[in-house]
Each structure stands twice: as C-alpha cells, then as structure tokens.
Amino acid sequence: MLTIEGVTKRFGEAVAVDKVELNIPEGQMVGIIGRSGAGKSTLLRMINRLIDPSEGNILFDGTDITALKGSALRRWNRDCAMIFQQFNLVPRLDVLTNVLLGRLNHKSTFASLAGLYSREERLMAIAMLERLGVVQSALQPAGTLSGGQQQRVAIARAMMQEPRVVLADEPIASLDPMNAKVVMDSLADINKRDGITVVTNLHTLDTARTYCERIIGMFEGRVVFDGTPAELTAAEARRLYGVQNEGFSEAMTSTSLSADEDERPAPMRPLPGNRADTQLAEERARALA
Ligand SMILES: Nc1ncnc2c1ncn2[C@@H]1O[C@H](COP(=O)(O)OP(=O)(O)OP(=O)(O)O)[C@@H](O)[C@H]1O
Ligand SMILES: [Mg+2]
C-alpha cells in the first residue's frame, strides 16, 4: 500500500502539489489526469524521491519513504521503478546493456562499476525483451530504435529491478497511436500478470478510461476527482480540465487543453526531458562505463 499523507510541494511561492491525500493499494492500475501544470509529474517525482515534499509524508507498507537514506533509499529506488516520456535510455549503449542497467540497485558497487552481470541476469534480460517483443533489437544501440520500441525497452529495464511499483510519467505522450497502444498494453500486462502497482500520468482522458481501474484527477495541485472511469462523467471531466464548452473531446491532450483561453497566467512548463531524470540515466551509464 502506497499512502500519501498531506503532501505539499512548493517551488518558491508557487504550490505545485497541494495537500494531497491518497491510498493506493498494492496491484492497482491508476491513471492520473489533469491539465498541464496540475502537478502530476511533481507528485510522481516525490514518490520516486527525485524531489522531496515541502510538507507531508509518503509511506510504502508503513515505511516513510521521504525519510530514507543510504541503503534503505537504494532499496526503495529498486522497489519503485520509473518510466519517462522521453524513455531515458542511454542511446549509444545497446538495448541489452540498457536493460541490464535495471539491475544496478541489486548489485554491489564493485560489480556495478565493473559492469559484471551474471548469466542469470543476462537470461532474465533477454526473457524480458522477448516478453516485450523487442528481443530482435537486443544488440542494437538503443538510440536506433523507434520510440515505441524504446519505451518497451525502458519497461524491460524497469522490470529488471523486480519492482513492486512502477511509476510512468506520460509514457505514451511521444508515441503514435499504434505504439501508444502497445506500450499501454505492456503496462497493463505487468500490472495484471505480475501484480505490480502501476501509477501513470496520462495526457489524454480516453487512455486513462481504457486502461485504468481508478482515475485520479488533479487541478492546480489538488486531487479533485478520485474514482472509477464510470464515475467520471462528461461534466466532471470538463470541470476537471477547466473547459466549459460541450465540444470537449476526451482524446484531447492536457497540453492542447491548456492552450485554451484562460485568464490565469500560463503555467511555466518544465523543459522536456527533465534534467533530474536525464541525470539519473547518465549516472547509471557512468557507473557502467
Ligand atoms: N523544478 C521546478 N521549479 C519550479 N517550478 C516547477 C518545477 N517543477 C514543476 N514546477 C511547477 O509546478 C507546477 C506543476 O508542474 P508539473 O510538472 O507537476 O505539472 P504536470 O501536471 O505534470 O503538467 P504537464 O501535463 O505539463 O506535464 C507547474 O506550475 C510547474 O511550472
Ligand atoms: Mg508532467
């Protein structure tokens, strides 16, 4: 069980996440939706410990993960895997090596530095690539794969951690509809077959409805909807996205919606390929080099 207790995140004066309270039981597939700037990524980054909350606690099976340090933090980094919109693979390294990077938190510093992987780990990586339908690319540099293939490699890498929770921040926002479907099907599969809790930010409402048993809607940092797809009525959805007109389409993206007429100043958008995320991937690569 993942428990978020009174979590607030401020950036200077701005409140990105505002007193969020959530309980996410093990094995749930949860979609977080809301317009651009609603605080979706900030919430995931706090769960993953890329950033710390200004207030509140995040507990996993009763342990406050916001207070973890050293080996306990490394253990959480292994239990909680993250998938990013920009895949965050190391493009010049081959696919298999990228997937093996998912094992780093299971290994001693020496074995990681030496890039030593056991036969079992290599077999596990190949089996995972096979399961995700990208094994034929195992020896290619990751950067030469299509976006959909790269995201499947990223899921394979996450699975190598043997995580209990997978967080995904707009995993399909850079993909065409066909690849988006394959990637969402893969996430649903690891949720159903492996019982892994999946919490994913999604920038279209129709995807959340199709794949998630529970939808959490955020608006200006707060949770304003929490229920099943059936409970999320069209009127509720318009309110959540701050759209009045009847022409609102559920396939519209949070980003295009935020381009609506709005009296408030447009929220500042973090740069694509967030620096903290990229840094994480680079650190892992350096550990291998
Ligand atoms: N590192 C940061 N420094 C300052 N402000 C930030 C930072 N990260 C996020 N914010 C601000 O916090 C608010 C929430 O941002 P967040 O990225 O969590 O939104 P989001 O719901 O993920 O939006 P999107 O759909 O565009 O990805 C925004 O106003 C954003 O500008
Ligand atoms: Mg975001």
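Please list, ordered by first then second residue, the pairs with beta carbon atoms under 9 Å, 6 or more apart or interchain, first in the range 188-201 and in contact (Cβ under 8 Å) with a residue 60 or more places away in the chain and closer than 14 Å to Arg131 by Cα, second in a helix (DSSP H, G or I) and within 16 Å of ligand 2 (Cβ to nearest atom).
none
Check the range 8-15 and report whether any residue there is under 23 Å from Gln151 (Cα atoms) and in contact with an Asp or Glu (Cβ under 9 Å, 6 or more places away or on another chain). Before you say what the answer is, go through the steps one by one.
In the first step, residues of the range 8-15 are kept if they are under 23 Å from Gln151 (Cα atoms); the result is none.
No: the range 8-15 contains no residue that is under 23 Å from Gln151 (Cα atoms) and in contact with an Asp or Glu (Cβ under 9 Å, 6 or more places away or on another chain).
Which is in a loop (DSSP other than H, G, I, E, B), over 22 Å from the mean Cα position of the chain (by Cα), modelled with pLDDT of 70 or more and away from ligand 1 (no atom under 12 Å from the Cβ), of Ala251, Ala235, Ala230? Write out each step before concluding.
Details: Ala251 fails: over 22 Å from the mean Cα position of the chain (by Cα); Ala235 fails: in a loop (DSSP other than H, G, I, E, B).
One residue alone meets the criteria, Ala230.
Which of the residues spanning the range 194-210 are away from ligand 1 (no atom under 16 Å from the Cβ) and within 19 Å of Cys80 (Cβ to Cβ)?
Asp194, Gly195, Ile196, Thr197, Val198, listed by residue number.
Restricting attention to the range 165-179, which residues are over 13 Å from the mean Cα position of the chain (by Cα) and either more than 19 Å from Gly147 (Cβ to Cβ) or within 16 Å of ligand 1 (Cβ to nearest atom) (or both)? It would help to see each step written out before you state the result.
So the first thing to find is which residues in the range 165-179 are over 13 Å from the mean Cα position of the chain (by Cα), and the list is 174-179.
The answer is Ser174, Leu175.
The values are calculated or read from the model by the stated rules, or taken from the named source; none is laboratory data. Treat the numbers as computed from the prediction; the structure is a model and nothing was measured. Using ideal geometry, Cβ is built from the backbone for each residue, glycine included, and neighbour counts are taken over all protein chains shown.
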